[in-house]
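The values are calculated or read from the model by the stated rules, or taken from the named source; none is laboratory data. Predicted model only: the values in this text are computed from it and were never measured. Ideal geometry is used to build each Cβ from the backbone, glycine not excepted, and the neighbour counts take in all protein chains shown. We work out accessible area using only protein heavy atoms, side chains counted, and drop any ligands, DNA or RNA first. Shrake-Rupley method; radii C 1.70, N 1.55, O 1.52, S 1.80 Å.
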Amino acid sequence: MVISFDINKEDYWKFNKHVIMNNLKYKRRFLTSLILLPVVMSIIFMLMQLPTWYSWTAGIILGLGVHVYSYKRFKRRVLSLLDDKPGLLGEHTITLADEGIIENTSVNESIHKWPGIRSIEHNDEYIFIFLNQTMAHIIPKRAFESSETAAVFLKEAQSKWERESRRTA
């Protein structure tokens with residue numbers, strides 16, 4: 001099965017968000033800082049002998065403000081990585097072959113054999129074929145004629161991967 005599609009900056013960003021929110025280590029770190037930062041800031045204000053209601057309000061507002069700033073900064077940093085990596089954005093063609101996944105872009109042609117695939121995940125918008133914990137083929141479901149065609153592609157990829165993974169295990 002062959003699919004051609006275009007990857008843009010928004011696709012790359014959504015992939016990075018998927019990695020962070022679906023990786024337990026990253027998710028735990030994010031949620032811990034989301035909770036701890038406002039609490040720590042509130043305690044600092046209380047140590048400055050400011051009223052309790054003011055300390056908690058200011059701590060929460062500043063803590064959330066820092067998170068919004070950090071989110072935007074992280075997104076800028078992630079998207080800036082694309083500037084010196086030709087082939088990440090633009091036209092991609094993925095072929096599900098018996099030996100593995102073949103990817104063609106304007107700058108390369110590569111094959112990742114099925115046993116080298118770490119996992120296959122999907123959400124409402126994408127199919128992700130992970131090569132390691134943070135690197136994957138990003139396949140937008142919008143590239144398919146229908147959601148049924150996307151489901152067939154996903155099922156074929158999963159069955160080839162599972163069959164080859166069992167054979168080499």
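Kindly evaluate HIS67 against the criterion of being surrounded by 12 or more Cβ atoms within 10 Å (Cβ to Cβ) and under 21 Å from ARG142 (Cβ atoms).
Against the criterion (surrounded by 12 or more Cβ atoms within 10 Å (Cβ to Cβ) and under 21 Å from ARG142 (Cβ atoms)), HIS67 does not qualify.
Taking the range 1-42 as the region of interest, how many residues are surrounded by fewer than 14 Cβ atoms within 10 Å (Cβ to Cβ) and assigned to a strand (DSSP E or B)?
Total meeting the criteria: 3.
What's the total number of residues in the range 82-137 that are touching a strand residue (DSSP E or B) at 6+ places or on another chain (Cβ under 8 Å), open to solvent by 20 Å² or more (accessible area, probe 1.4 Å) and outside any strand (DSSP E or B)?
Count: 9.
With the checklist (1) under 14 Å from ILE3 (Cβ atoms); (2) under 19 Å from the mean Cα position of the chain (by Cα); (3) of a type outside the set (Val, Ile, Thr) in hand, flag the one item ASN104 doesn't pass.
Exception for ASN104: condition (2).
If the requirement is being open to solvent by 30 Å² or more (accessible area, probe 1.4 Å) and under 16 Å from LYS17 (Cβ atoms), which of these qualifies: ARG73, ARG163, ARG167?
Just a single option satisfies the conditions, and that option is ARG73.
Given the criteria within 23 Å of GLN133 (Cα to Cα), without any contact (Cβ under 8 Å) to a residue 40 or more places away in the chain and not aliphatic (A, V, I, L, M), does LYS75 qualify?
No, not satisfied.
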